[in-house]
Amino acid sequence: GIPLPPSPRRGYSAPPQMPPPSPSSAHHKHVNLTPKLRGPVMSSGASVGSNGGGIPRSSSREQSHSNFSSNNTVASNGSGNGGRITPTGQQQQQHYHSIREEKKLQQAMDYDDNATYMSHHTHGSSNSNSGMYSQGGRFVPSPNNSAANNGGGSSQSVVTSASAGSGPRFAASVAGSTRSVEYDSVKQKGIAKRKRKEYAKDPRFTPVRRVVDELNKAIGPEKRRSAIERSCMEFDHANEVQHNAELYLGAANVLCLVLSMSDNEDEIRNICAALEMVYRAEREAVIISYQDVGAALVPLLLRLLERCEKGRKVINAEATISNISRILLHMTRISELRVPLVGHPGMLAALERVATLPLSMENRILRMRLLANLANSEGNKVTIFERNSLMEATMKVATLDKVENVREYASAVLMDLSSCPSNQVAMARMDKVLATLVKLAVVEDKVETREYAVSGLQNLAFVKQNRMQLVSYGSGVVVEALKKCTSSDSNDKTRRRSAGALTNLACDETAEKMANHAGLFQTLAQASVSDKNKDVQQRATLALTKLANSITVKMSCWPTLLDALITASECTVADGIVSAMFRVKTRSEENRTSMANHPSLLETLAQLCLRTKDDEDEKAAYKDCENAAKAIAHLANDPLNHKPICNKHILAALVHGASLAGQEGMVTRDAAILAMERMAMEHSNRPMMARYPGMLVSIAQATEREMNEELNGIPASSVRGQPRLAKPLLMSLLVAM
């Protein structure tokens, strides 16, 4: 068989100019080239397998949303579908007794659109875009590599967040796994041992074994330089399987050892380039390599990074900084490694330097991608947020950096931090956070940046104690930003999440303040009818009805609310929630006169009642018809309304409602007969009612039904909950003729 790579000590002795290893970690003394599966040493003393890697608690920020519950969203996945936010949950059921239904509606109005979005994406780098070319004996990133990464990570949604939360996350980083995997250390050792044997015997990987052996045996500077250059040429490819073989055969181990003993700047840069190449491997290989050598490699890379950035004594420091950032970025693609990585001393300090050092555009993008990946882990969110200097750096970059990709990742960081319940109250009290999110939501050109910012606002609005703070901040700039996004943003996920954020903000304490915000009711009503996205329509309708539930006739915004409800009544996906709000409002005696005399309101109720004639969604149409008939009956209970509501629109609606057949139309038929009976109490109404086409026929049919029930010995109260009114009504109208 082919022998495994020789011992790491062969051919190497530590150069005298290198500082002695830190006594605090045994792993800094010696890196065993023969791969051994040992748990990494972290600042917290935990191993990767023991903490689950800090997997995000939200499956995604782009969860698919439907229906009208306000208790689940996003997610965005958007989306969130992203966007990590339409709420899903229990829909209104058809009930035959008005009291039961009103209680259910009241409960629905009290629910919250609690979308906490976080990003489920990982801002990783492509495995094939770090090509190298030789230039004067030095290996530096190729131009196509830089170009490929300047665009940042993909922001395609999977929804979802996240989410975002989000989103958002909400929505809303790129296609990272959010599943929690518990690794069995013994099982991993067996898998790693088996794979090493397979790769050691596979003739396809003979060049890899040869390069690793050459690196291990190189003694003099010239041989070491030659071995490093050859490793850069051998490892520069886009084949994940071959990168797996490189890691299992010990390439990262020996490169880490050589890096720890080298003080030549060209060698350091090329070693970092070779390490970046081998870590383009698949998930399992990266995890096993991190467990084997990460405790020594990561601190070494962070020290080199600080040396390059602060001292600026390294020639072509940007290339070395880029390669180190990419190595760490490859590791943060793995969700289980994110918490251990943050535990390394110097990691957060390196991240916050992005706001203070004159790094290149590429390196600023890489640094923020790295932070976005780390912030995507639930175990890191409190740690990152509680480091004030890092929060200040993130907000500075989000506000002032000239590169839109950098601002995008900063927005994703804020969204993910806002999805953590432990952070939400404190973040809502930070004016800088709110100002940054508002700015990103309104003025940014990039879709993903706006989506993440709106998801962050939605996450903060989820907590009840934050709502008045958000509504009052800056004379309503948060509400204005969400209103603008709901009405005019080009991205469906952003509009959906902004409507969800407004739904979250709506409650008894904030309702009047939000209702008096210029144009908010009109924006929600228009979005509920004309938005091209069904989820946006549903969320806008839910936000409007939640606000309406807390508005009373004594408030100055009452007429504006009625206008908005009239507009929203044309929404075809509301599932009866707007008509139910009319029914709820007419139950209050103090509202009835103003509603009966409000322009177009009676015509709207009539249209809702007549919707069963040509509506494709029969169930929703019957629900609207029933709610509208009940609302008309409530209005007819006020004697002052008998004359105003007796018009051709209401009479047409009542005739239609009273003529419905089948069990599903029973409540509507009874409500229509009750409204007719109340209206007929005004003697001047009777001639018009008696002569209206179909009126007497519908009442006669109701009389026949009541007589059959009476003959069958069925008490009136057990059928409809009201006395039998059709026969007296029919007699009074016949007399009036």
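The values are calculated or read from the model by the stated rules, or taken from the named source; none is laboratory data. Computed from a prediction, not measured in an experiment: that's the story for all the values here. All Cβ positions, even for glycine, are placed from backbone atoms using ideal geometry, and neighbour counts span all protein chains on display. Please note that ligands, DNA and RNA were not included when accessible areas were found on the heavy atoms of the full protein model with its side chains. Shrake-Rupley method; radii C 1.70, N 1.55, O 1.52, S 1.80 Å.
Just wondering, is there one or more residues in the range 712-726 that are at pLDDT 90 or above and β-branched (Val, Ile, Thr)? So far as the range 712-726 goes, no, none of its residues is at pLDDT 90 or above and β-branched (Val, Ile, Thr).
Here the range 408-464 is the region considered, the condition is being more than 18 Å from the chain's Cα centre (by Cα) and charged (D, E, K, R), and the residue that is nearest to Met395 (Cα to Cα) is Lys432.
Among the residues making up the range 332-343, those that are open to solvent by 10 Å² or more (accessible area, probe 1.4 Å) and outside any helix (DSSP H, G or I) are Arg333, Gly343.
Taking the range 670-679 as the range and being touching a Leu at 6+ places or on another chain (Cβ under 6 Å) and buried (at least 24 other Cβ atoms within 10 Å of the Cβ) as the test, the residues that pass are Ala672, Ile673, Ala675, Met676. Taken together, the residues in the range 419-460 that are aliphatic (A, V, I, L, M), open to solvent by less than 10 Å² (accessible area, probe 1.4 Å) and outside any helix (DSSP H, G or I) amount to 0. Considering the range 386-408, the residues that are part of a helix (DSSP H, G or I) and among the basic types (Lys, Arg) include one that is most open to solvent (accessible area, probe 1.4 Å), namely Lys396.
Only one of the listed residues (Ser698, Ser659, Ser600) is among the small types (Gly, Ala, Ser), out of contact with any Pro (no Cβ under 8 Å at 6 or more places or on another chain) and open to solvent by less than 40 Å² (accessible area, probe 1.4 Å). That residue is Ser698. You will find that of Tyr248, Tyr199, the residue that is among the aromatic types (Phe, Trp, Tyr), modelled with pLDDT under 95 and in contact with a Pro (Cβ under 8 Å, 6 or more places away or on another chain) is Tyr248 and no other. Restricting Leu359, Leu366, Leu351 to those that are within 23 Å of Asn388 (Cα to Cα), at pLDDT below 95 and either of a type in the set (A, V, I, L, M, F, W, C) or assigned to a helix (DSSP H, G or I) (or both) reduces the list to Leu359. Looking for something at pLDDT below 90 and out of contact with any Ser or Thr (no Cβ under 9 Å at 6 or more places or on another chain) - is there at least one such residue anywhere in the range 671-690? No, the range 671-690 contains no residue that is at pLDDT below 90 and out of contact with any Ser or Thr (no Cβ under 9 Å at 6 or more places or on another chain). Taking each residue of the range 646-658 that is of a type outside the set (D, E, K, R) and looking for partners that are open to solvent by 30 Å² or more (accessible area, probe 1.4 Å) and part of a helix (DSSP H, G or I) with beta-carbon atoms closer than 7 Å, six or more apart or interchain, yields Cys646/Met688; His649/Glu603; Ala652/Leu610; Ala653/Leu610; His656/Leu610.
Determine whether Asp445 is under 23 Å from Ile365 (Cβ atoms) and charged (D, E, K, R). Working first, answer last.
Details: under 23 Å from Ile365 (Cβ atoms): yes; charged (D, E, K, R): yes.
When the stated conditions are applied, Asp445 passes them.
Just one residue in the set Ala574, Ala506, Ala511, Ala481 is closer than 21 Å to Ser600 by Cα and open to solvent by less than 10 Å² (accessible area, probe 1.4 Å); that residue is Ala574.
Report, by residue number, each residue of the range 521-574 that is over 17 Å from Asn627 (Cα atoms) and outside any helix (DSSP H, G or I). Correct list: Asp531, Lys532, Asn533, Ile551, Thr552, Val553, Lys554, Met555, Ser556, Cys557. Residues that are under 16 Å from Leu725 (Cβ atoms), assigned to a loop (DSSP other than H, G, I, E, B) and open to solvent by less than 90 Å² (accessible area, probe 1.4 Å) within the range 680-695 comprise Ala680, Glu682, listed in sequence order. For Lys432, the conditions (1) modelled with pLDDT of 95 or more; (2) closer than 23 Å to Leu300 by Cα are fulfilled apart from (2).
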